[in-house]
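The values are calculated or read from the model by the stated rules, or taken from the named source; none is laboratory data. Predicted, not measured: the structure shown is a model, and the values here were computed from it. We place every Cβ from the backbone using ideal geometry, glycine too, and count neighbours over all the protein chains shown. Accessible surface areas use protein heavy atoms only, side chains included; no ligands, DNA or RNA. Shrake-Rupley method; radii C 1.70, N 1.55, O 1.52, S 1.80 Å.
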Amino acid sequence: VQEAAHPQRSHIERTACGSRGSQAVSSRQTTMAGGTSRQLRNVLQKHWPSIALLMFIVVLFKKQTDIQGQQNELSARIASGAERERRSMVQQIQPQPEVVAPQNTSPQQTPNSAIPSSAMGQGSSTMGQSNMGMVNMGPASQGMGSTMGQSNKAPYEWPKPLPEWELVPEAEADVSALPGEGEVPPEIKAIERKGDGVLFNAIHRTPNAKRASKPIMEAIVGATRMRVASKEAGSQNPLGFVLVTERAPMKFMMDETLCRPMWPECIDFKDKVKVFDTILFYEDFKAPAIVERRERFQTWPELWLKRIMASLHSPFARTLVVDSDVYGCTAYEKLFSEYLGDSDVAITLAPAPFGASRNYEGAFRKGFPTTYAEYTERNLGLHMLATGKPRVQALLSLFRDVFVRQANDTVHTSIGNDQCAFREAMFTMKAQGLTEVTIPAEIGCRHDAGCADGCYVVHRHNNQELSRAELKALAKEKNAQKKAAKAAAEGKASAPETMPPKNIESNATDVANTGADTAPDAPDMDKEEEEEEAAEAAAEAAAEKAEEADMKSEAGKSEP
């Protein structure tokens, strides 16, 4: 009734009442908010370590969840890829329409200007493109890619000689050197060569290795022994001695700061190396380019090439060429008078007639006669050369070029070392009048005889003075010791071990002894080379026995 009677006053009162109510509500809300803030602040101040730990756990859980999700995604991708690969392999196994690949008949040459021109002739006109010893499988291997899947290496294929290399009748033969082969460089002709001497080769697989040189030390021991043997024999004309090696190992050995007494080879090295009259370095020789390595090869090809280049640079008129581990018996100087004499070459025969050429009796070039099959390989472990004669210098130059040609031809030439190249060079030069004398195996001894048996030189590392009977007895004794040690080890392994109780004092002693035993000694830096030499010697001996057995049967003559 009042609002109806006084509408304007009623409106003002309602507005004022609403305003007072809003202010009251706002005041209550502000009061409540202030209390909540104080409570939250009190809670944070009181429980902040727990809250921080809880937040860290939450973050860590989230990160772990993200990582797990990424791993699941990666697993899914891998599974998807494996399934696609499986499907691809299934499709490859299924018969496919035959596709004939076009044959590439253009000659491929080794991109090496330093290789003699003949190395790019008959034998290497089909040589692989790589000059690093990798076998070129030809067009046939290119078609294998569709069936090899993800394989990175094709199976090895033995090189096959070319049909035109077949030996011909004597009337049709032409054994003269191939164009560009056998040329003697002017610097070789200019070398002044005098007297008789021994040339030691000390070749390193890793010349830049910072360690004492075992090959150089073996050469020093060999040369020292030969000088002693000359005095024992009362020699009136002592021989000269030259060492050929790489420059880096010699520099290391001459540096007293680097070559420390921790290596026995370094002790008094500067005095010991004076046993040589001259030291030459392979780096100073102008050698042709050659593949770095070949599959199914006895060692790295550069080793043989270095030995050939050393003989070419011999300062002697007559040279006994030996490896660093050759031991001279008292009568070794008789090799010059009784065997080399006025001849051009004196050398021993190889145990396996065609071991280096995998029982292949033919030549790795055309034009050689059928009589070449009767001319077997020579053993270059011990050989003598009349290096002062131009004809022998031509022989060594031809030997160098033939070996480079054969080693670089990885498609058609199957060789294991340099003896088949020397065989070819010798056969060519003998047609021009070269003279040769054979050194018997009982004079230039290798494995089963020693100085006591009348050997002039022995080519092995140990027990060179022992006789054949003593070597057999020693081998039998070592075999018995190995068997006893093996039986003891097997018995110890089968028996339960019982350890007596130890008191505190004995335990302390054991700890002290253990510390002394495990103290680091001087590093055995020659272990790698010893293992390589042992492996090479074992491989050579096994190959020789296998080749001798294969030669008894006609079936294994032409196939590796």
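Please give the net charge around Leu382, taking every other residue with its beta carbon less than 13 angstrom from that of Leu382, where Lys and Arg add +1 and Asp and Glu add -1.
Details: positive: Arg307, Arg378, Arg446, Arg460; negative: Asp323, Asp325, Glu442.
Here the charged neighbours net out to +1.
If Thr330, Thr319 are ordered by their accessible area, calculated over protein heavy atoms with a 1.4 Å probe, which sequence runs from highest to lowest?
Order by accessible area, largest first: Thr330, Thr319.
Starting from the Cα-Cα distance between Ile67 and Ala469, subtract it from 0.36 nm times their residue separation and give me the gain in nm to one decimal.
Working: separation 402, 0.36 × 402 = 144.72 nm, distance 7.34 nm.
In short, 137.4 nm is gained.
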*Sorted from largest down, what three extents in whole angstroms do the Cα atoms of region 268-318 have along their principal axes?*
41, 29, 20
*Quick one: Kirkwood hydrodynamic radius for region 313-366, alpha-carbon pairs, angstrom, one decimal?*
14.3
_Accessible-area order (highest first, 1.4 angstrom probe) of the listed residues Asp409, Asp325, Asp448, Asp342_ = Asp342, Asp448, Asp325, Asp409
*Once you have a ≥ b ≥ c as the square roots of the Cα gyration tensor eigenvalues for region 404-461, tell me rounded if a/c is under 1.5, and otherwise prolate or oblate according to whether a/b is larger than b/c.*
oblate
*Considering only protein heavy atoms, what per residue accessible area in square angstrom results for region 321-390 with a 1.4 angstrom probe?*
29
_Probe 1.4 Å - accessible area at Glu442, Å² to nearest ten_ = 110
*How much net charge surrounds Cys420 when only the other residues with a Cβ under 11 Å from the Cβ of Cys420 are counted, with Lys and Arg +1 and Asp and Glu -1?*
-1
*asked:* Just to verify a number: what accessible area does Leu178 come out at with the full protein assembly present, 1.4 Å probe, Å² rounded to tens?
replied: 10
*Simple label model, 7 Å out from Cα along Cβ direction - Leu258 to Lys492, nm*: 4.2
*asked:* Compute for region 219-295: radius of gyration divided by Kirkwood radius, i.e. Rg/Rh, restricted to C-alpha atoms, rounded to two decimals.
replied: 1.08
*Leaving ligands, DNA and RNA out of it, rank Glu166, Glu283 by accessible area with a 1.4 Å probe, largest first.*
Glu166, Glu283
*At 0.890 mPa s and 25 °C, Stokes diffusion of region 338-455 via Kirkwood alpha-carbon radius, µm² per second*: 163
*Where labels lie 7 Å past Cα in the beta-carbon direction, separation of Arg391 and Ala76 in nm*: 8.5
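Which of rounded, prolate or oblate describes region 197-350 when judged by the alpha-carbon gyration tensor and an a/c cut-off of 1.5? If you can, show how the numbers build up before the last one.
Values: a/c = 2.01, a/b = 1.16, b/c = 1.73.
The shape class here is oblate.
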*With all protein chains present, calculate the accessible area of Glu170 using a 1.4 Å probe and round the result to the nearest 10 Å².*
110
